[in-house]
Structure formats: C-alpha cells, structure tokens
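**Student:** Got a structure here, written out as structure tokens. Questions coming.
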Amino acid sequence: MRIRTTIAAAACAVGIALSFPVSAHAADGPFFYSYGGGRVGVLESPRNWWCITLPEVEDESVPPADTPYNETDATATVFTGADCTGDHFTLRANGGHASSRLKLRSVFFSEPG
C-alpha cells in the first residue's frame, strides 16, 4: 500500500511541475553580442534567473564578447567574467544595448521590476 501512495505522490509532483508554462522561466526574445572579430552570437529566449556563460568566450585566453543588444523582455545583467563574476552592467529589456567598449563573458536575465 505504501508503494502505491509513494508512486501517486510522485506522479502528482511531476504533474504539478509540468503544468507551469515554460515561458515563465525564459526571457522572450533574442540577446545579441559580438565576438571574434565581428561574428554575432545570439541567445534565443534565454532562461531567467540563471547565469549563462557565453560559449564562444568562456576561455579566458580568448578576447571577450562586446556590443550586447538586449531584445528580450527581461533585464540583462552582463559580467566581465565567466560564471557571472567580475564587473557588471545592466541592460534594460526591449532594446537595451551598449557599445563595443563594454566587454562581457556571461549574462544573467531577470524579469524587469
């Protein structure tokens, strides 16, 4: 009897977790940045409340990315170091951007407040 109760409780928990919309956990829209001499990187609808190290520039021996452009519906905080470390700068949602002077290796998205 205990096994059935445990299985039912687990199934309920999974059902509740899956019932939340995915969009509640992701910023809607793209985030652009430049890297490697003019290449453009993009994060499409990135996850909110999660540090994202830009894969093209995570290695410290590679020059950092620059020229971020935030077209998501979330606030983007960019960091000079990988894993959201170092100096940071916040870009507003829906069009916040910076020049090539702003260097970044990671970004954190949060819902605008």
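**Student:** Taking H placed 1.01 Å from N in the peptide plane, check which residues at least 5 places from LEU102 or on another chain put their amide H under 5 Å from its amide H.
**Tutor:** For LEU102, the qualifying residues are THR67.
**Student:** Here's something else I'd like to know. I need the phi-derived Karplus couplings for the stretch 101-109: 6.51 cos²θ - 1.76 cosθ + 1.60, θ = phi - 60°, integer Hz, Gly and Pro marked x.
**Tutor:** Using θ = phi - 60°, the values come out as 6, 8, 9, 8, 10, 8, 8, 10, 9 Hz.
**Student:** Sort 61-68, 37-44, 26-33 by the packing proxy (mean of other Cβ within 10 Å over each peptide's residues), most packed first. Intermediate values should be presented prior to the final figure.
**Tutor:** Numbers: 61-68: 16.8, 37-44: 11.8, 26-33: 19.5.
Highest-to-lowest ranking by the protection proxy: 26-33, 61-68, 37-44.
**Student:** Taking θ = phi - 60°, what integer Hz values does the Karplus form 6.51 cos²θ - 1.76 cosθ + 1.60 yield along the stretch 25-33, in sequence order, with x for Gly and Pro?
**Tutor:** Result, ordered by residue: 10, 10, 6, 8, x, x, 10, 10, 7 Hz.
**Student:** Within the set of other residues whose C-beta is less than 9 Å from the C-beta of THR80, count the net charge using Lys and Arg as +1 and Asp and Glu as -1.
**Tutor:** In short, +1.
Read-outs throughout are calculated quantities, based only on the coordinates presented, and are distinct from any laboratory measurement. Given the structure is predicted, the values throughout are model-derived calculations rather than measurements. In this analysis, Cβ positions are derived from the backbone assuming ideal geometry, glycine residues included, and neighbour counts consider all displayed protein chains.
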